[in-house]
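The structure under discussion appears below in the form of structure tokens.
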Amino acid sequence: MRCLALLIACALAGCSASPAPRAGAGPTRIVSLNPCSDAILAEVAPDKLVAVSEYSHDPSASSMPVGLARRWPATGGSVEDIIAAQADMVVASSFLPAPTRNALDKLGIPVVTLGMANDVEGNLAQVRELADAVGEHEAGAALVRRIEAALADAAPPEERAAVSTILWQPGGIVPGDGALVVDLMRRVGLQPAEATRGLGQGDRLSLEAVIVDP
């Protein structure tokens with residue numbers, strides 16, 4: 001589910017940053033090629049962001065409100081687009097094509113690559129890492145505090161029993177242990193029930209089965 005709108009209330013990140021070495025205050029013109037990093041950078045470094053991924057202009061793929069994302073031009077991630085944007089840093093997923101990465105390396109444009117973390121703690125750490133990579137440590141710390149506050153507000157009373165729940169996603173896919181959304185479900189008082197149906201991570205559950213046995 002992408003980065004789950006920055007872990008409930010903020011847009012987050014299921015993104016892991018591998019910071020490129022930078023001197024001084026960090027980059028001033030960042031091109032982001034990943035919807036999760038788009039959402040994080042829109043929060044922590046909006047004045048440094050010069051382009052977001054084309055996914056963030058698509059309501060079905062964006063990790064933040066599309067209206068917000070459209071403050072910045074979208075890019076498909078070509079080297080030509082990055083050069084035209086005069087980028088001094090690129091933030092991309094670990095699936096960045098090797099030819100693009102090689103071309104950026106030859107041009108001397110630093111690349112921060114993003115992976116995925118499957119729990120809240122890992123994602124919060126990655127928000128901090130990405131903020132540090134772009135020279136915005138304090139803004140990253142502030143965003144983490146907002147996310148932690150949102151999670152605290154969403155936590156159920158201790159006396160309330162967890163509610164057995166199946167999260168039925170488009171296409172009939174259900175998440176299992178090791179997914180960020182499952183960690184979030186437990187934190188808000190929902191007990192994932194996929195295992196009771198013999199389902200594992202990414203298995204499919206038909207709508208007919210849900211209707212027959214809700």
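For Asp47, state whether it is in a loop (DSSP other than H, G, I, E, B) and either closer than 21 Å to Ala142 by Cα or modelled with pLDDT under 95 (or both). Against the criterion (in a loop (DSSP other than H, G, I, E, B) and either closer than 21 Å to Ala142 by Cα or modelled with pLDDT under 95 (or both)), Asp47 qualifies.
Can you tell me how many residues in region 34-55 are within 14 Å of the chain's Cα centre (by Cα), open to solvent by 30 Å² or more (accessible area, probe 1.4 Å) and farther than 18 Å from Asp132 by Cβ?
So the answer is 1.
Of all helices (runs of 4 or more DSSP H) completely enclosed by region 57-175, which ones contain at least 2 residues that are in contact with a Ser or Thr (Cβ under 8 Å, 6 or more places away or on another chain), open to solvent by less than 60 Å² (accessible area, probe 1.4 Å) and under 18 Å from Asn34 (Cα atoms)?
By residue number, 66-69, 79-84, 120-133.
Taking the condition at pLDDT below 95, among the small types (Gly, Ala, Ser) and within 19 Å of Val90 (Cβ to Cβ), does Ala74 pass? Criteria not met by Ala74. In the condition set (1) part of a helix (DSSP H, G or I); (2) of a type in the set (D, E, K, R); (3) in contact (Cβ under 8 Å) with a residue 12 or more places away in the chain, Glu208 is compliant with all but (3).
Name the one entry in Asp105, Asp58 that is modelled with pLDDT of 95 or more and over 24 Å from Gly135 (Cα atoms).
Of the residues listed, the single one that is modelled with pLDDT of 95 or more and over 24 Å from Gly135 (Cα atoms) is Asp58.
In region 176-206, how many are hydroxyl-bearing (Ser, Thr, Tyr) and either in contact with a Pro (Cβ under 7 Å, 6 or more places away or on another chain) or surrounded by 13 or more Cβ atoms within 10 Å (Cβ to Cβ) (or both)? Count: 0. Residues that are in contact with a helix residue (DSSP H, G or I) (Cβ under 8 Å, 6 or more places away or on another chain) and of a type in the set (Asp, Glu) occur at least once in region 186-209. Does Ala23 fit the bill of being modelled with pLDDT under 60 and surrounded by fewer than 15 Cβ atoms within 10 Å (Cβ to Cβ)? Here the answer is yes, as Ala23 does meet what is asked.
Does region 178-189 include one or more residues that are more than 25 Å from Leu124 (Cβ to Cβ) and assigned to a loop (DSSP other than H, G, I, E, B)? No: region 178-189 contains no residue that is more than 25 Å from Leu124 (Cβ to Cβ) and assigned to a loop (DSSP other than H, G, I, E, B).
The values are calculated or read from the model by the stated rules, or taken from the named source; none is laboratory data. Values in this document were obtained by computation on a predicted structure and should not be read as measured data. With ideal geometry, Cβ positions are generated from the backbone for all residues, glycine too; neighbour counts draw on all protein chains shown. Each accessible area value is taken on the protein alone, full model and side chains, heavy atoms only, with ligands, DNA and RNA left out. Shrake-Rupley method; radii C 1.70, N 1.55, O 1.52, S 1.80 Å.
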